[in-house]
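Asks: What follows is a single structure, and I will ask about it in a moment.
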Amino acid sequence: GAVVSQHPSWVICKSGTSVKIECRSLDFQATTMFWYRQFPKQSLMLMATSNEGSKATYEQGVEKDKFLINHASLTLSTLTVTSAHPEDSSFYICSARDRGVEQFFGPGTRLTVL
Amino acid sequence: AQSVTQLDSHVSVSEGTPVLLRCNYSSSYSPSLFWYVQHPNKGLQLLLKYTSAATLVKGINGFEAEFKKSETSFHLTKPSAHMSDAAEYFCVVSASNDMRFGAGTRLTVKP
């Protein structure tokens, strides 16, 4: 149980295009979902927290207009990187939580912007 | 506010020898503590968690950790390292809906 999937697992796009990453909780209802970014050989940095049906809360320094987060249902959250640039290349990881403390992590999405 | 410090960025052990990955935390609340493992280009897998029950926590793959409030520590141990244990390990503290990751410890296992 408690499986979280992400799609796609990797994506390559041209600079200036937008990319959408999906995060799904497969066997539980996720009241809260989290989006993290991880640069090579570094830890995870929380980008934003989203609760179903409400606006996401972004961490300081994260541009909400560039990283659009939608949490339209209890099993799906999406992260859209708008007008992507090479510096946005990173490993993006989502996690989901029901009413407990533990977060369940997705396998991650490798984004490469050319 | 809370934070977590992983005291070693890199630990190298020989196969069959004990593993010790150190973690200290700071929290204004009674925290939950986690250890996650991440293999290259993969997501995070939960090894074990402490949530105010027994202070000695046993996890998967032979790992265990002991919560020591007086030392604000939650070190991860394993009696005998296996080659497949080579990965990045993250200590995480969580309280009041806030989750903080340590910088990570890269474990190398030599044959």
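Asks: Can you give me the number of residues within the stretch B:60-77 that are surrounded by 18 or more Cβ atoms within 10 Å (Cβ to Cβ) and either touching a helix residue (DSSP H, G or I) at 6+ places or on another chain (Cβ under 9 Å) or assigned to a loop (DSSP other than H, G, I, E, B) (or both)?
Replies: The number of residues fulfilling the criteria is 1.
Asks: I would also like to ask the following. Among the residues of the stretch A:75-112, which ones are away from chain B (no Cβ under 12 Å), of a type in the set (D, E, K, R) and under 18 Å from B:Leu44 (Cα atoms)?
Replies: A:Asp98
Asks: Which of the residues that make up the stretch B:37-53 are open to solvent by less than 20 Å² (accessible area, probe 1.4 Å), in a strand (DSSP E or B) and facing chain A (nearest Cβ under 8 Å)?
Replies: B:Leu44
Let's see how each residue does on (1) farther than 16 Å from A:Thr112 by Cα; (2) modelled with pLDDT under 90; (3) of a type in the set (Phe, Trp, Tyr):
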site	(1), (2), (3)
A:His7	no, no, no
A:Val11	no, no, no
A:Ser15	no, no, no
A:Cys23	yes, no, no
A:Phe34	yes, no, yes
A:Asn51	yes, yes, no
A:Tyr58	yes, no, yes
A:Lys64	yes, no, no
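Asks: A further question on this structure: Consider A:Thr112 against the criteria (1) surrounded by fewer than 17 Cβ atoms within 10 Å (Cβ to Cβ); (2) modelled with pLDDT under 95; (3) not in a loop (DSSP other than H, G, I, E, B): it satisfies all of them except one. Which criterion is unmet?
Replies: So A:Thr112 meets the others, but not (2).
Asks: Quick check: is even one residue across the stretch A:59-70 crowded, with 21+ Cβ neighbours inside 10 Å, more than 14 Å from chain B (Cβ to nearest Cβ), of a type outside the set (S, T, N, Q) and assigned to a strand (DSSP E or B)?
Replies: The answer is yes, given that some residue of the stretch A:59-70 is crowded, with 21+ Cβ neighbours inside 10 Å, more than 14 Å from chain B (Cβ to nearest Cβ), of a type outside the set (S, T, N, Q) and assigned to a strand (DSSP E or B).
Asks: Tell me, which residue of the stretch A:42-56 that is touching a strand residue (DSSP E or B) at 6+ places or on another chain (Cβ under 8 Å) and loosely packed, with under 14 Cβ neighbours inside 10 Å is farthest from the other protein chains (Cβ to nearest Cβ)? Give the derivation first.
Replies: Narrowing the stretch A:42-56 to residues touching a strand residue (DSSP E or B) at 6+ places or on another chain (Cβ under 8 Å): A:43-54, A:56.
Then keep just the ones that are loosely packed, with under 14 Cβ neighbours inside 10 Å; that gives A:53-54.
Details: A:Gly53: 17, A:Ser54: 14 Å.
Per the criteria, the residue is A:Gly53.
Asks: Which numbered condition in (1) part of a loop (DSSP other than H, G, I, E, B); (2) surrounded by 17 or more Cβ atoms within 10 Å (Cβ to Cβ) is the only one that B:Ser80 fails?
Replies: (2)
The values are calculated or read from the model by the stated rules, or taken from the named source; none is laboratory data. Being a predicted model, the structure only gives us computed values, none of them experimental. Cβ atoms come from the backbone with ideal geometry, glycine included; neighbour counts cover every protein chain shown. The accessibility values were calculated without ligands, DNA or RNA, using every heavy atom of the protein model including side chains. Shrake-Rupley method; radii C 1.70, N 1.55, O 1.52, S 1.80 Å.
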